[in-house]
Amino acid sequence: MGQEELQKLLDFFKGLADENRLKMLGLLADQEYSVDELATLLNLKPPTISHHLSKLKALGLVEMQAEGNIHFYRLNTTALNATNKLLLSPERMASLVDDIEGDDWERRVIRDLFDGPRLKVIPMNTKKRAVVLKWFANRFEYGIRYQESEVNDIIKRHHPDWAYWRRELVGAGLLAREKGIYWRVENQRESKQ
């Protein structure tokens, strides 16, 4: 989830984080009310009701219609449904922790599998192996061409099976190879971050 969407979600929940506003939305879900009618029903003063309504209106959850000097408010169900689809779907909620969960988990994997700069064991788990591959790929700089012997030397510093890791890096598309020359390839996923 991007920063702008996250801010919308925070604003949405801040706007609803009030008992009176939630009660207003409940009342307005059934029918239209004026400020005075809502004040009477909720036992609040009209300026307080107006304040809460302005917050809900700013979120797009409430619509207002003027009839003479009286303003009637109702729940904007279209905006509520759109907000639900945009921000409150299970996929969107899960995306709140994509970067946090991924980074923490990857750090734990590296911490558990490495003893200092040395990889202790080749992980059997595909996801953990992908984390190790990414770690190995980060040993190589973008824009630099490496001889195969240089690639082997870099990998040997961290694990004795340099041939395995070199093949895996190429197979994963993290390093490219042509006629014994290797270079770092920008991963599509990394470039989007």
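Rule-based calculations on the coordinates, nothing more; no lab input. This is a predicted model, so every value here is computed, not measured. Because the Cβ atoms are built from the backbone with ideal geometry, glycine has one as well, and the counts that use them run over all protein chains shown.
Overview of values
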| item | result |
| --- | --- |
| Per DSSP, loop GluC sites (Glu not before Pro) in region 103-193 with at most 12 further Cβ within 10 Å | Glu141, Glu186 |
| Of every Cα-Cα pair in region 97-192, the percent that sits beyond 19 Å | 40 percent |
| Burial ordering of Met24, Met124, Met64, fewest other beta-carbon atoms within 10 Å first | Met124, Met64, Met24 |
| Residue order, fewest to most beta carbons within 10 Å, for His52, His159 | His159, His52 |
| Using a Förster distance of 22 Å, the FRET efficiency for Asp115-Ile144 (Cβ separation, nearest 0.05) | 0.20 |
| Residue with peak Gaussian network fluctuation, the chain [Cα springs, cutoff 10 Å], from Lys14, Lys179, Lys85 | Lys179 |
| Average Cα contact separation per residue, the chain, under 8 Å, 6 or more apart, as relative contact order % | 14 percent |
| Read-out Rg/Rh (Cα atoms, Kirkwood Rh), derived from the coordinates shown; its label in [x] 1.04; [y] 1.32; [z] 0.96 | [y] |
| Trp183 versus Asn81: modelled label distance in nm, points set 7 Å from Cα along the beta carbon direction | 5.2 nm |
| Per-residue Cβ neighbour rank within 10 angstrom, fewest leading, Ile122, Ile49, Ile154 | Ile122, Ile154, Ile49 |
| Sum of -39500 (n - 2.57) over DSSP H runs of 4+, divided by residues of the chain (222 nm, nearest 500) | -18000 deg cm²/dmol |
